[in-house]
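S.K.: Structure in structure tokens, see below.
The values are calculated or read from the model by the stated rules, or taken from the named source; none is laboratory data. Quick caveat: nothing in here was measured; it's all calculated off a predicted structure. So basically every Cβ, Gly included, is an ideal-geometry build from the backbone, and we count neighbours across all protein chains shown. We work out accessible area using only protein heavy atoms, side chains counted, and drop any ligands, DNA or RNA first. Shrake-Rupley method; radii C 1.70, N 1.55, O 1.52, S 1.80 Å.
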Amino acid sequence: MIPENAKNIISSADSKMQDAVAYLEESLKSYRVGKANPAIFNNVTVDYYGTPSPIANVASITTPDARTLAIQPWEKSMIAKIEKAIIDANLGLTPSNNGEVVRCIVPALTEERRKELIKKAKAEGENSKVVVRNARRDAVDLLKKAQKNDGLPEDSEKEAEEEVQKLTDKFVKSIDATIAAKEKEIMTV
């Protein structure tokens, strides 16, 4: 039976590990993989009356077909600013407008660009694994302190450490699966 203070440490580690996986998944959404996906604009900000704002806050973004993104600003004066923000973001997209809507055609990925994206995705995955391992290390340190200072029984401390290790293994496996799925998506022509 794991005491309450050890359960809190495990819960905290679990939360940090979940956050690492969620951040990885969110970050991988912004990868342009040859299909139109409004999420590629998540990190693009546009100057809206002196305030940097995400494009999604000043326009609606739609995908009329599999390779086109249409951005309809709520104010026509924003068209030029949105075009400039997309160019400055260096997403590999060339915006064009008809006075009402900014369109971006998503080009097919080259083999070189695909390999570059996979390398970048794997690096993101490694960063997430580091965060998970750091959460494990912190939890183990806290458990050892609790045993030393708070009188946590040694067998309870070992049991809690095993639980933290199981969580670590689960989240590392989840990260590997997320990266593998993204790699497959990137390599699909």
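S.K.: Restrict the check to segment 47-54 and report whether at least one residue is assigned to a loop (DSSP other than H, G, I, E, B), modelled with pLDDT of 80 or more and not β-branched (V, I, T).
M.R.: Checking segment 47-54: at least one residue is assigned to a loop (DSSP other than H, G, I, E, B), modelled with pLDDT of 80 or more and not β-branched (V, I, T).
Here is a yes/no grid of residues against (1) open to solvent by less than 70 Å² (accessible area, probe 1.4 Å); (2) under 17 Å from the mean Cα position of the chain (by Cα); (3) under 30 Å from L91 (Cα atoms):
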| site | (1), (2), (3) |
| --- | --- |
| R113 | no, no, yes |
| K120 | no, yes, yes |
| A135 | yes, no, no |
| L143 | yes, no, no |
| Q147 | yes, no, no |
| D155 | no, no, no |
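S.K.: Also: Take the residues in segment 31-57 that are open to solvent by less than 30 Å² (accessible area, probe 1.4 Å) and without any contact (Cβ under 8 Å) to a residue 40 or more places away in the chain; name whichever of them is nearest to the chain's Cα centre (by Cα). Step through it out loud before you land on a result.
M.R.: Our first condition is that a residue be open to solvent by less than 30 Å² (accessible area, probe 1.4 Å); within segment 31-57, this holds for 31-34, 36, 39-41, 44, 46, 53, 55.
This time we only want the ones that are without any contact (Cβ under 8 Å) to a residue 40 or more places away in the chain, so: 39, 46, 53, 55.
On the way: A39: 11, V46: 21, S53: 19, I55: 18 Å.
Among them, the one singled out is A39.
S.K.: If you don't mind, another one. Quick one: which residue in I79, I87, I71 is of a type in the set (A, V, I, L, M), open to solvent by 80 Å² or more (accessible area, probe 1.4 Å) and modelled with pLDDT of 85 or more?
M.R.: Of the residues listed, the single one that is of a type in the set (A, V, I, L, M), open to solvent by 80 Å² or more (accessible area, probe 1.4 Å) and modelled with pLDDT of 85 or more is I87.
S.K.: Would you point out the residue of segment 10-20, among those that are under 11 Å from L167 (Cβ atoms) and not polar (S, T, N, Q), that is most open to solvent (accessible area, probe 1.4 Å)?
M.R.: This residue is K16.
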